[in-house]
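Student: There's a structure below that I have some questions on.
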């Protein structure tokens, strides 16, 4: 029998769980609109985006993609989609079999997909590179302006003057104003809600003077961050399938991949400037010009909606998004951090809607530029997806759950190859579900219970729980089968052990020596207990192994009244290597529901030690909401805010709302998603500080799992 000392504050939290729920409706238009972004500084980190969740179009100071080179040093100008992937040819037939490496796991050889590097077998190294890079997300087409000065030369970004750019969040519309040699230009940019289409309206006397054109430049798609390359015109093909008055259909081909782009414009003509570059020249007697650019994997037969219709659909779609689901209002708070927290919440909702609400788990940099070749990491899907269900946008999480069914066969094959039951979910993957070679990712295990968590969250908040049970039971049971078979039984201690070989969520620990990482132990316990409950709800027999592992899983190790990173790290809080990366022990209660495996008093001591000793530059954006949820869960509302709003290098939120990490990761959407999860959970369970400074009003939020 495990005994957990629970703080009396837990009872207080339950009693006050609805203390900040508003009894009068929040004025959502005012809430959202007070965080509209207005920018007059030309900065490569200040790019804005429009999108619909499956397609995102990122613009520069001109409202289009006129100066891509300048923005590559910050947040590059992407045109990316859920379906826009490419693979280079594989004439050497590199495959997974080239990259397995065996490890001794309790006397049994288990193969892992290893990333071979320099100094190792050359074919294996090249196979590693190809398998990691392919498939990769690609840039679909750069759509910008060509503006000529009076002397006939093309402008550079230094010729842009008097610039003011506004992102209207309620309508999802970007308005960009600037002058060139004293002549005003106004550009309005919107994204279609149902199609992968960007539309724009340009107003300027430069059109009448014949000095402004629309430039469409198709690049070679590459795996590197920006996703585009204009220096290899022979490596791809642009065909004009049809061209008529006001409409042109392009076919794009690169190796075995192809897609289509249809451009509709109000006047003028389309001309070919070079092999992959085209210009739309507006009629000379016009002062305004409108166009729509529709991207599609399949050939486009319909006429794209014009700018006016696209703008109206965009307006009504965004109004519906903001008017439904959850809302949190900090306007009655007096703490000096409250307005900034509200800004981060609103902008995070906008960014995750346009970047992360498609049919696939998102990449860390969404649909703006490539991190890890545009692939996504399934351990990060928790941080991308859970908040949607909490803010009553469950349809997004359900849509992305379909991906797990699509890759279930591959996950079963991985588990079977390693000698386990059930399904072992990959870490770094793409739309095809194939795992990528890695020196870290293939050894992670903390993504394995995620589908159980998602399914339970959907079940808890569903009006049709029978449907949820029936629809997701296979994912729950396959995940649990792997988890139970993965745990190793230690006869001497009559307990189950995790590892080695494994790398925990705190990736600075070594795979060869890590035993019983604290967070993973608790997640294994909760996940198996929840899977057992699913069996019971469905009237099915519970596997004995599930029950045995849940009952006898090792308890998190403690030393000097503080939780250790893992059982083998006896000097966790004196060795710098153990005080870096993710402080994941905090997630044992907060990210995970409260269980009898965690002592809240010890967890509180651990949080205090982390606050004092952790190497904060080594953390990541989602660590701060994780720490906040942990502190809030044990009744420490003030400490939760201190963690959530900590001034730390990777807890920085830019003008456009992006969670900046470093020059390589100027965008980090798990930070935005984690923030939304923490705020929603703290609202529903009354975990904000109980003082006059934090009068938080909220509505339309769902409950967390228990």
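Read-outs: derived from the displayed coordinates by stated rules, not from any lab. Here the structure is a predicted model, which means the values were calculated and not measured. Using ideal geometry, Cβ is built from the backbone for each residue, glycine included, and neighbour counts are taken over all protein chains shown.
Student: Going by alpha carbons, how many degrees (0 to 90, nearest 10) lie between the helix axis of 518-537 and the longest principal axis of the chain?
Tutor: 90
Student: I would also like to ask the following. Would you mind pulling out the separation of the Cα centroids of segment 233-276 and segment 629-706, in Å?
Tutor: Computed from Cα coordinates, the inter-centre distance equals 45 Å.
Student: Measure nothing fancy, just the Cα-based angle from helix 669-684's long axis to the longest principal axis of the chain, in degrees from 0 to 90, nearest 10.
Tutor: 60
Student: Fewest Cβ neighbours within 10 Å first, please rank 693, 406 accordingly.
Tutor: Ordered from fewest to most neighbouring Cβ atoms within 10 Å, 693, 406 come out as 406, 693.
Student: Mind pulling the angle between the C-alpha long axis of helix 450-460 and the longest principal axis of the chain? Nearest 10 degrees, somewhere in 0 to 90.
Tutor: Its long axis makes an angle of about 90 degrees.
Student: Can you tell me which of 302-313, 105-116, 518-529 comes out highest on packing, and rank the rest after it, using the mean Cβ neighbours within 10 Å?
Tutor: 518-529, 302-313, 105-116
Student: So, one more: Please give the direction-averaged projected area of the C-alpha convex hull for segment 88-158, in square nanometres with one decimal.
Tutor: Value for segment 88-158: 9.9 nm².
Student: What's log10 of I(q)/I(0) for segment 243-290 at q = 0.23, 0.33 Å⁻¹, Debye sum over Cα points only, no solvent?
Tutor: Summing over Cα pairs of segment 243-290 leads to -0.88, -1.25.
Student: OK, next. With 10 angstrom as the radius, rank 401, 682 by how many other C-beta atoms surround their C-beta, starting from the fewest.
Tutor: So the residues, fewest neighbours to most, are 401, 682.
Student: From the C-alpha coordinates alone, can you work out the Kirkwood hydrodynamic radius of segment 378-447, in Å?
Tutor: Roughly 13.0 Å, rounded to one decimal.
Student: Another question about this same structure. How big is segment 560-706 along each principal axis, measuring the range of its Cα positions in Å and listing the largest first?
Tutor: Largest to smallest, the principal-axis extents are 45, 41, 27 Å.
Student: Tell me, what is the percent relative contact order of the chain, built from C-alpha pairs under 8 Å that lie six or more residues apart?
Tutor: Contact order relative to length: 16 percent.
Student: Per the Kirkwood definition applied to all pairs of different Cα atoms, how many angstroms is the hydrodynamic radius of segment 494-652?
Tutor: Result for segment 494-652, one decimal place: 16.2 Å.
Student: Compute the Cα gyration tensor for segment 159-302, then decide on rounded, prolate or oblate, letting a ≥ b ≥ c be the square roots of its eigenvalues: rounded whenever a/c is under 1.5, prolate when a/b is larger than b/c in the other cases, and oblate in all that remain.
Tutor: Prolate is the answer for segment 159-302, as a/c is 1.5 or above and a/b outweighs b/c.
Student: Compute from the Cα atoms of the chain the Rg and the Dmax, the latter being the longest Cα-Cα distance, and quote both in angstrom.
Tutor: In order Rg, Dmax, the Cα atoms of the chain give 26.3, 88 Å.
Student: Right, here's the next one. Need one number: convex hull volume per residue for segment 36-125, Cα atoms only, in Å³.
Tutor: Dividing the Cα hull volume of segment 36-125 by its residue count gives 227 Å³.
Student: Share of antiparallel DSSP beta bridges in the chain, in percent to the nearest 5?
Tutor: So the antiparallel bridges amount to about 95 percent of the total.
Student: Tell me the volume per residue, in Å³, of the convex hull enclosing the alpha carbons of segment 560-634.
Tutor: Dividing the Cα hull volume of segment 560-634 by its residue count gives 82 Å³.
Student: Got a sec? How would 497, 174, 253 order by Cβ neighbour count within 10 Å, fewest to most?
Tutor: So the ranking, lowest neighbour count to highest, is 253, 497, 174.
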